[in-house]
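The values are calculated or read from the model by the stated rules, or taken from the named source; none is laboratory data. In this text the structure is predicted, and so the values were computed from the model without any measurement. Cβ: placed from backbone, ideal geometry, glycine included. Neighbour counts: every protein chain shown.
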Amino acid sequence: MTHQKFLQQAIDLAVENVESGQGGPYGALIVKRGEIIARSGNRVTRRLDPTAHAEIMAIRLACRKLQDFQLTDCILYTSCEPCPMCLGAIYWSRLHKVYFACDRHDAAAAEFDDSFIYDELAVPPAERRIAMLRLDLPDALRPFAAWTQKGDKVRY
Ligand SMILES: Nc1ccnc(=O)[nH]1
């Protein structure tokens with residue numbers, strides 16, 4: 001199947017998601033070597049989970065299916081450009097490529113404004129809309145010291 005056809009399915013999923021009342025107007029699928037291995041619509045309101053974006057749900061389902069914490073060789077098709085949270089998840093999951101249909105500006109026009117979060121990345125943490133305040137505790141580096149010393153760790 002072509003990239004266009006997979007992406008069309010993500011759009012159809014997003015429309016169905018709205019019509020069935022499952023959540024926001026977003027749909028995503030993950031394809032490995034031409035085979036769809038996961039698909040989901042947005043589930044934020046249904047699951048009472050602000051992280052349940054379509055892309056995150058599809059990544060979770062794909063990882064469970066592959067029994068892996070990485071999605072190397074997988075392609076994500078999403079009805080809309082991923083938000084910064086999903087962008088992070090895309091990098092952490094090592095997806096190979098992403099195709100999207102509409103973009104952050106289209107989302108903003110529909111009152112889903114996540115484009116400002118991109119701008120927040122460049123703002124110093126303490127000056128962000130949600131202040132992120134560093135407290136200088138003596139134990140701050142202990143977790144990394146424990147990790148560095150651990151011999152049998154599973155790296156990711
Ligand atoms: N790109 C997205 C933005 C918001 N919600 C989603 O599920 N997906």
(message) Here are the criteria: (1) loosely packed, with under 15 Cβ neighbours inside 10 Å; (2) over 15 Å from the mean Cα position of the chain (by Cα); (3) touching a residue at least 60 places away in the same chain (Cβ under 8 Å). Tell me which single one PHE69 does not satisfy.
(response) (2)
(message) What are the pairs with Cβ atoms under 7 angstrom where one residue, in segment 37-54, is hydroxyl-bearing (Ser, Thr, Tyr) and the other, located anywhere, is assigned to a loop (DSSP other than H, G, I, E, B)? Sequence gap at least six, or different chains.
(response) THR45/GLY23
(message) Of the conditions (1) surrounded by 13 or more Cβ atoms within 10 Å (Cβ to Cβ); (2) within 12 Å of the chain's Cα centre (by Cα), PRO50 satisfies every one except a single condition; which number is it?
(response) (1)
(request) Return the total of residues in segment 10-58 being assigned to a loop (DSSP other than H, G, I, E, B), more than 8 Å from the ligand (Cβ to nearest atom) and in contact with a strand residue (DSSP E or B) (Cβ under 7 Å, 6 or more places away or on another chain). (result) 1
(message) If I filter segment 71-100 down to residues being within 13 Å of the ligand (Cβ to nearest atom) and small (Gly, Ala, Ser), which single residue comes out as farthest from LEU29 (Cα to Cα)?
(response) GLY88
(request) Taking the residues in segment 101-128 that are touching a residue at least 24 places away in the same chain (Cβ under 8 Å), in a helix (DSSP H, G or I) and hydrophobic (A, V, I, L, M, F, W, C) as candidates, determine which candidate is farthest from the ligand (Cβ to nearest atom). (result) LEU121
(request) Name the one entry in LEU95, LEU133 that is modelled with pLDDT of 95 or more and either loosely packed, with under 13 Cβ neighbours inside 10 Å or in a helix (DSSP H, G or I) (or both). (result) LEU133
(message) Could you check segment 136-151 and list, in sequence order, the residues that are in a loop (DSSP other than H, G, I, E, B) and either surrounded by 10 or more Cβ atoms within 10 Å (Cβ to Cβ) or under 29 Å from the mean Cα position of the chain (by Cα) (or both)?
(response) ALA140, LEU141
